[in-house]
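The values are calculated or read from the model by the stated rules, or taken from the named source; none is laboratory data. Treat the numbers as computed from the prediction; the structure is a model and nothing was measured. For neighbour counting, all protein chains shown are included, and Cβ atoms are generated from backbone atoms with ideal geometry for every residue, glycine included.
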Amino acid sequence: MDAVRASAVGALRVPVAYGGPGASLVDLFRTVIDLAEADSNVAQALRPHFGFLEKLISDGGKEDRERWFAAALAGELFGNATGETTAKHPGDIHTALVLDGDRYRLSGTKCYSTGSLFADWVVIAARNHLDQRVRVVLPHGRPGLRLIDDWDGMGRRMTASGTTELDDVAVYPHEVVVDGAVGVRRTHLGAYHQLFLAAVETGIAKNAVRDAVGHARDRARAVRHSGVDHAVQDPFVQHTVGEMAALGYGAEATVLRAAAAVDRALAGPHGDDGVAGGEPALAETATEVAQAQVVAAQAALRAAERLYDVGGASATRREFNFDRHWRNARTLVSHNPIAHKARVVGDYLLNAEPPPLTGFF
């Protein structure tokens, strides 16, 4: 993560008007895929960082943009503390930001705090005294803020997706960003967050291909009855590697096509509510992203499984850690079930029913 800071990759989406490179979403997700191909934990740990910046791009105020874009340009990273295990549905927020004179106090417990242990700032979802959804941006080390490294999922083991405890934490007005769009009007943020998952899954598929090629060349032995001397000459190994490569290629092409669709929607005319793209274009874009999620999820899971058909029993040895691909992919796919993605796409095509305003589309 120090290398990420030094590279300034975290500032990719900062607009030119605020001193950033103003990269497109196609540029961003191509970068995410490359990061995930190298280490999907790093890519996934950065999802909250880029998500917070994207929220500022979508509907942030001028002062918030100036403050937090400057932090990103300085190489600082943002983590996440949104989920609540006691909520009825994922995404429901009950943590209360209590008014206390000229400041606020914040208490509660958060789960799935992806990236926060690595970050300089923790972005916490809460509700203020007006029952508005807000993002509270706290620095590491603020008294009462405790980050616990207790994530024990089978995958994404190095994403620092543990628990965040908040014990009467002092919050200052400039650390509060109002988040009024969720569940009220459609923006590109839901599609953005889902496409990020698909990009990470695509990187996992491509990483599995790289491991398959390396193992076949350097370690795998030809099956006695294959009629060849080396595994790379076995037509079945060649077929398997080719199939895996096609899965990764197809997923990458699909994700980048969906990213281009979001870019076009953002560049289009604004709707009556001032949102870039407007409802019809954003609904169409959300279905494209949902389709990309289905493709990328299936590609990652299938490629991770097929890897073992390249190396045989020796490929299952722990020293290779090849099972990380399936564990990481399965954990990510479980994040937001693709069955619901496919159903929403079908409903849109058959009945012109737009995707729900849940933040997951």
Requested in this report: For region 294-361, please list each of the helices (runs of 4 or more DSSP H) lying entirely inside it that holds at least 1 residues being assigned by TED's automatic domain parsing to the domain that holds Glu243 and within 15 Å of Thr240 (Cβ to Cβ).
Outcome: 308-311, 323-335
Query raised in the report: Pairs, please: C-beta under 6 Å, at least 6 apart or cross-chain, first residue surrounded by fewer than 16 Cβ atoms within 10 Å (Cβ to Cβ) and in region 327-356, second modelled with pLDDT of 95 or more and in a helix (DSSP H, G or I)?
Result: Ala342/Val294; Glu353/Asp347
Report summary line: Residues of region 19-62 being on the phi > 0 side of the Ramachandran plot and free of Cβ contacts under 8 Å to residues at least 24 places away in the same chain, in sequence order, are Gly22
Report task. Look at Ala251 and say whether it is out of contact with any Ser or Thr (no Cβ under 7 Å at 6 or more places or on another chain) and small (Gly, Ala, Ser). Result -> no
**Report entry** Qualifying residues in region 35-64 (those that are surrounded by fewer than 19 Cβ atoms within 10 Å (Cβ to Cβ) and of a type outside the set (Asp, Glu)) - the one farthest from Thr331 (Cα to Cα)
**Finding:** Lys62
Query - Number of positions in region 19-68 that are in contact with a Ser or Thr (Cβ under 7 Å, 6 or more places away or on another chain) and basic (Lys, Arg) - result: 1
Query raised in the report: Within region 141-157, is even one residue in contact (Cβ under 8 Å) with a residue 60 or more places away in the chain, of a type in the set (Gly, Ala, Ser) and on the phi > 0 side of the Ramachandran plot?
Result: no
Query raised in the report: Checking Val200 against (1) assigned by TED's automatic domain parsing to the domain that holds Arg330; (2) in a strand (DSSP E or B), which single condition isn't satisfied?
Result: (2)
Query raised in the report: Quick check, is Arg65 assigned to a loop (DSSP other than H, G, I, E, B) and in contact (Cβ under 8 Å) with a residue 24 or more places away in the chain?
Result: no
Query - Residue under evaluation Ala205, criteria (1) farther than 17 Å from Leu35 by Cβ; (2) of a type in the set (Gly, Ala, Ser); (3) at pLDDT 95 or above, criterion not met - result: (1)
Query - So Gly180, is it of a type outside the set (A, V, I, L, M), modelled with pLDDT under 95 and either in a strand (DSSP E or B) or surrounded by fewer than 15 Cβ atoms within 10 Å (Cβ to Cβ) (or both) - result: yes
**Report entry** strands (runs of 3 or more DSSP E) completely within region 88-151 that count 3 or more residues being crowded, with 20+ Cβ neighbours inside 10 Å
**Finding:** 103-110, 121-127, 133-139
Report summary line: For region 224-250, the count of residues that are β-branched (Val, Ile, Thr), at pLDDT 90 or above and either more than 17 Å from His325 (Cβ to Cβ) or not assigned by TED's automatic domain parsing to the domain that holds Gly203 (or both) equals 2
Report summary line: When (1) modelled with pLDDT of 95 or more; (2) over 21 Å from Leu145 (Cα atoms); (3) out of contact with any strand residue (DSSP E or B) (no Cβ under 8 Å at 6 or more places or on another chain) are applied to Leu46, the one that fails is (2)
